[in-house]
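The values are calculated or read from the model by the stated rules, or taken from the named source; none is laboratory data. Since the model is a prediction, treat every value here as computed from it, not as a measurement. Cβ placement follows ideal geometry from the backbone for every residue including glycine, while neighbour counts extend to all protein chains displayed. Note: accessible area is taken over every heavy atom of the protein model, side chains too, but ligands, DNA and RNA are not part of it. Shrake-Rupley method; radii C 1.70, N 1.55, O 1.52, S 1.80 Å.
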Amino acid sequence: MNAKTLFRLALTTAIVAPSVAMAEDVVKIGMAASLTGPYAPYAEVEGAKCMADKLNKAGEGPTMELLIEDTRSDAQLSVTIAQKLLDQNVQVITGVPFPDSLIPIAQLAAPYDVTVFSAPNTQVEMQVAGFDNFLAGAVPDPVNAAATAEAVYAAGARRALLMTSADAGSWSEMLPQWFGETFEHLGGEVIGTLNYSFGITDWSPQIAQIKAMDPAPDVIHISAMLPDVGILIRQLQANGYEGWVAGADGFDDPSLEGSVTDPAALDKVIFATHGLTGMGSDIDVFLDECRAAGFPVQSIFDALGADMVSVLHAAAMKAGSTDAAAIRQALRAEGGNPGVTSDSISYFEEGGFPVKTVPVIGFEGGKRTVIADSVPAYVPAWR
Amino acid sequence: MEYFVQQFVNALAFGSEYALVALGLAVVFSIMGLVNFAHGEVIASACYCVFLAVAVGLSQPWLAILLALAAAGAASVLLERVAFRPVRNAPTTTGLLTAFGVSIILQNLFQLLISPRPQAVPVLNGLNATWHVGGFTVSSLQVMEFLAAALSIGALVLFLNRSTLGIAMRAAARDFSTVRLMGIRANRVIAMAFAISGVLAGVAAVFILARRGSVSPDMGFGLVMKAFVACVIGGFGSLSGAAVGGMLLGFIEVGLLVALPQEHGGLKEALTYVIVIAILVYRPEGLLGSRQELGDKEI
């Protein structure tokens, strides 16, 4: 090897080596996100961006890079975008948080050994499917339902009416039934099931059915989204219903409080969610910091997005690598990693979803209060 | 008995809402042959105007109602001028695609400029009270919506039969070229059709807003799809057909909800369309539509 060749090799190394090092020190998260469309209110993007910005400014560990594209809440489009993001060498990818998007994305990502991480996903289909490369950021629906049932039963409710819809898969159809199963396990009674469709602006026919029930329910459980649930609550109360209205994370949006004129109308509304917001919690502090930094975060789902970035960053540091499989292995190691919704988010126990407490939120004079924040003692069998 | 009376009132209210929106679609279709799928976004525009007005201090419900009517009328006329007039002479499918495009653009504008989240608008919540009439519980909103739909239809019939512009609109619906040859300005007739359609959207917006207490970007789209079905049942282009179709659709939906066992409740939408198809097999032109020659397509 002559001097000229050595010089060329040294020059090439000088140019290429830093870029290789930089590439290895970046965790790319491809977000096929619902920036528009019906699921946009539940998008986790701004929280994820805020956490990435915070970690990158702190300067420790790998750089967190987000590649974000709008799916318009369309499962089919999300799969196309996922392929594009996979071709851009991401280590982690997200999709519309429902199985019709996440199952094909998980299949697409498997040959690349890329992790599919859905921060707001709660549906059991993804866990039952058993993809090794899939991780959810939230606890599954049966756990959520069980926590709500415990809280409502403890509040004195004994006769439950379940409102189910096939419009959002098991989240809207099975979650109320898991609530019912737990409620009956505790000693309550499920007195009926009513079917409905999403997008209802007038619940009068369903309310007439409820009023005709004998005995009347003292709790109605529904897993639906806003503004539908806000309309339901208002119409139920206008028709003299005095029992509880129980629900899930779809209730957890600041517009719930705005949908009623009288704050007392929410006094018998209760729902299980992913973290405490709207009551000066650590999550609220984080969200306020994000707003101050220019990120238009709004709800608990932004905190779940921040969780995703935070645990991936911590796992990459533990693994000492930005390789997707190594990060996944570190995420599933004992000990957990710090997030925004919990000090320790652990995938060691379950592999595909975290073990966390489930906050159950109620209202007093229109203000949110914590009814319970624990892991439910009984969870219906769902696997 | 009380239960069935209650559900009958509910069906009337559902039908009134569908009829109001279907009339808005039918007025424009009868003149231009355009199915304005952006009509739902005209409703949403009116609601967002009220939302913005409330944000800057509007607190009087009657002012909010006037604003909704004016905003919907203005939005509808504006859409005609900006989006539909340039494609007026294009094939029907171009107009259809333009309407879908306008609908999606407006939804995205609401999402990006305001928020994808529902925004609370409680200013009209007071309209939604519960009245107890002779042992029956009736929503004030349901009664007002039925009356508003009946009054709107009556006013529209009077306008179309008694005013020069109304008669010109009816004539234009039959033969636009002849109306133009008689010296009536096409732009004026079409703009009036869109203005009437917009005001009808405004009336619907008031009731939707009072019931929902919030606005969201896609709030009008699903309703317009229902109104489209109502127009088809009644006979597209027929104003009375739109009203009848809307009412019938309301009764079909509530009737199925009452009649179907809960374990089969998921079939409600499918069965609604089975009934709609059955009606169309019996009356392909719709209940009050006029028969068209189909030539070789005739069986």
Projecting the Cα atoms of A:Thr164, A:Ile327, A:Ala33 onto the charge dipole of the protein assembly as shown, where Lys and Arg contribute +1 and Asp and Glu -1 at Cβ, the residue farthest towards the positive end is A:Ala33
Run the accessible area of chain B with a 1.4 Å probe and give the carbon-and-sulfur part as a rounded percent.
68
Taking the solvent-accessible surface of protein heavy atoms with a 1.4 Å probe, what is the per residue accessible area of the range B:1-96 in Å²?
39
Over the Cα atoms of the range B:2-219 the radius of gyration and the largest Cα-Cα distance (Dmax), both in Å, equal 18.4, 60
Any idea of the total accessible area buried by the B-A contact, 1.4 Å probe, rounded to 100 Å²?
2800
Using Cα-only point scatterers and the Debye equation, what is log10 of I(q)/I(0) for chain A at each q in 0.13, 0.14 Å⁻¹, rounded to two decimals?
-1.02, -1.16
What percent do you get for the relative contact order of the range B:2-219 when only Cα pairs under 8 Å and 6+ apart count?
42
Per residue, the convex hull enclosing the alpha carbons of the range A:290-329 has a volume in Å³ of 78
The range B:180-299: D in µm²/s via Stokes-Einstein (Kirkwood Rh, Cα pairs, 37 °C, 0.692 mPa s)?
194
Using only the heavy atoms of the protein chains and a 1.4 Å probe, how would B:Trp62, B:Trp131 rank by accessible area, largest first?
B:Trp62, B:Trp131
Solvent-accessible area per residue for chain A at a 1.4 Å probe radius, Å²?
37
In nm, the gap between the two label points placed 7 Å beyond Cα toward Cβ at A:Tyr112 and B:Leu165 is 5.8
Can you list the residues of the range A:33-70 that have at least 40 square angstrom less accessible area with all protein chains present than in their chain by itself, probe 1.4 Å?
A:Thr36, A:Pro41
Mean Cβ-within-10 Å packing, highest first, puts peptides A:176-185, A:70-79 in the order A:176-185, A:70-79
Ranking A:Glu334, B:Glu41, A:Glu65 from most to least accessible area with a 1.4 Å probe gives A:Glu334, A:Glu65, B:Glu41
Hey, got the average number of other protein chain Cβ atoms within 10 angstrom for residues in B:3-9?
3
Would you work out if the range B:214-255 is rounded, prolate or oblate? Take a ≥ b ≥ c from the square roots of the eigenvalues of the alpha-carbon gyration tensor; rounded if a/c is under 1.5, else prolate when a/b is larger than b/c, oblate otherwise.
oblate
Would you calculate a helix-derived [θ] at 222 nm for chain A, using -39,500 (n - 2.57) for each DSSP H run of n ≥ 4 and dividing by the full residue count, to the nearest 500?
-12500 deg cm²/dmol
Which order do A:Met225, A:Met126, B:Met192 take when ranked by solvent-accessible area (1.4 Å probe, heavy atoms of all protein chains), largest first?
B:Met192, A:Met225, A:Met126
Out of B:Gly95, B:Leu256, B:Trp131 - ranked by how far each Cα lies towards the positive end of the dipole of chain B, with unit charges on the beta-carbon of charged residues - the top one is B:Gly95
Using θ = phi - 60° and the Karplus curve 6.51 cos²θ - 1.76 cosθ + 1.60, what whole-Hz ³J(HN,Hα) does each residue of the range A:146-155 get, with Gly and Pro shown as x?
5, 5, 5, 4, 4, 5, 5, 5, 5, 7
At what distance in nm do the modelled label points of B:Val56 and A:Ala154 sit from each other, each positioned 7 Å from its Cα along Cα→Cβ?
4.9
Nearest 0.05, what FRET efficiency do A:Ala129 and B:Val5 give at R0 = 56 Å with Cβ-Cβ as r?
0.70
With bins 10 Å wide starting at 0, give me the P(r) of the protein assembly as shown over every alpha carbon pair, in whole percents.
3, 14, 23, 23, 18, 11, 5, 2, 1, 0, 0
Average partner chain C-beta neighbours within 10 Å, per residue of B:12-18?
1
Set the Förster radius R0 to 35 Å, insert the Cβ-Cβ distance between A:Thr261 and B:Arg185 as r into 1/(1 + (r/R0)^6), and round the FRET efficiency to 0.05.
0.15
